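Before any comments, here is the structure.
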Amino acid sequence: MNNEKEEKIIIDDTTEFNQVLTKPFISIHVLWDDLLQKHVSEDGIVNYKSFKTEHKKLLDYIHDLNLSYNNDHLKSLNKEEKLSYWINAYNALTIDLILQNYPLNSIKDINNPWEQRLWKFGEKWFNLNDIEHEILRKMNEPRIHFAIVCASVSCPKLQNEAFEASKLETQLTEATKAFLTDSSRNNIQENNVQISKIFQWFSKDFKQDGSIIDFLNKYSDIKIASKAKINYKDYNWNLNE
């Protein structure tokens, strides 16, 4: 990223403490849900041009996430609520990163996109790697890899609705199945599978209860042989617009 484009987003105002604290937790995701429905298609294609016209609303949502983080609200949440919080946060911050640098052809046009500490929650400056590797992956839910997105064509599609604790199990399962059945991202046959490099990069996450094929067989409509040949598809980093 060019120096003139590097701008840290400080969102640590706590003046809305009582207002946020008295709302049901899921209500903080309503604004994000509205933005997704407006600017993301059912196929996960993002209209960054139109999204940019409502960049302030996105920052308002990130601000709401920060308020909940500041007020120790996360400590009282169950696993599903925490997963929903951090999945939505990761995706919202990714969109914010793209909008700060738009127009561009790929997230990789940005210098060290996953390392930039642009968002302050509480007393800590976060980057995307912090959320993915230090928080989400440590919650032992491999399906998060089909819920968080890197703004690229080969990523799982960005859902056009917010993740919510009350239906998270269904949302994660549907996202996983949709990703596996998408022939542009995965091609699964009984004895030969060509799958996304996501399964190679995060193989440890998918081997918690067996092999990668064991994981695939939980969600694939095609039964894969235990000794099937595995190849990994090239990854398209072009912007998902």
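Can you tell me how much longer the chain between Leu104 and Asp182 gets when fully stretched, taken as 0.36 nm per residue apart minus their C-alpha distance, in nm with one decimal?
Gain in length upon complete extension: 25.5 nm.
Between Asp209 and Ile222, the distance separating the two model label sites (each 7 Å from Cα on the Cα→Cβ line) works out to 2.3 nm.
Surface composition of the range 120-241: carbon plus sulfur atoms hold 41% of the accessible area, using a 1.4 angstrom probe and ignoring ligands, DNA and RNA.
As a size descriptor, the averaged projected area of the C-alpha convex hull of the chain was calculated at 12.7 nm². Estimated purely from DSSP H runs of n ≥ 4, each contributing -39500 (n - 2.57), the mean residue ellipticity at 222 nm for the chain is -11000 deg cm²/dmol once divided by its residues. Solvent exposure of the chain, expressed per residue, is 48 Å² of accessible area, with all protein chains present and a 1.4 angstrom probe.
Relative contact order of the range 96-200: 15 percent, from C-alpha pairs under 8 Å at least 6 residues apart in sequence. Taking Cα atoms only, the orientation of helix 79-101 departs from the longest principal axis of the chain by about 80 degrees.
Sort the range 136-241 into rounded, prolate or oblate with this rule: let a ≥ b ≥ c be the square roots of the eigenvalues of the Cα gyration tensor; rounded if a/c is under 1.5, and if a/c is not under 1.5, prolate when a/b is larger than b/c, oblate otherwise. Judged from the Cα gyration tensor, the range 136-241 comes out oblate (a/c at least 1.5, b/c at or above a/b).
Translational diffusion of the range 97-191 was estimated from the Stokes-Einstein equation, with Rh taken as the Kirkwood radius over Cα pairs; at 10 °C and 1.306 mPa s the coefficient is 104 µm²/s. Annotation: extensible slack from Leu59 through Val30 equals 9.1 nm (criterion: 0.36 nm per residue apart, minus Cα-Cα distance). The simple spin-label model puts a point 7 Å past each Cα toward its Cβ; for Asn140 and Lys82 those points are separated by 1.2 nm.
Strictly over 27 Å apart at the Cα level, which of Lys124/Lys197; Lys82/Lys177; Lys177/Lys197; Lys108/Lys227; Lys79/Lys227 would you flag in this model? All intermediate terms of the calculation are to be shown ahead of the outcome.
On the way: Lys124/Lys197 31 Å; Lys82/Lys177 22 Å; Lys177/Lys197 16 Å; Lys108/Lys227 35 Å; Lys79/Lys227 35 Å.
Distance filter (> 27 Å) returns Lys124/Lys197; Lys108/Lys227; Lys79/Lys227.
Relative contact order of the chain: 23 percent, from C-alpha pairs under 8 Å at least 6 residues apart in sequence.
Once the C-beta distance of Glu161 and Ser50 is scaled by a Förster radius of 22 Å, the resulting FRET efficiency is 0.80 to the nearest 0.05. Directionally averaged projected area (the range 47-112, Cα convex hull): 5.3 nm².
The values are calculated or read from the model by the stated rules, or taken from the named source; none is laboratory data. For clarity, every value in this text was computed on a predicted model and none was experimentally measured. For neighbour counting, all protein chains shown are included, and Cβ atoms are generated from backbone atoms with ideal geometry for every residue, glycine included. Keep in mind that these areas ignore ligands, DNA and RNA; they rest on the heavy atoms of the full protein, side chains included. Shrake-Rupley method; radii C 1.70, N 1.55, O 1.52, S 1.80 Å.
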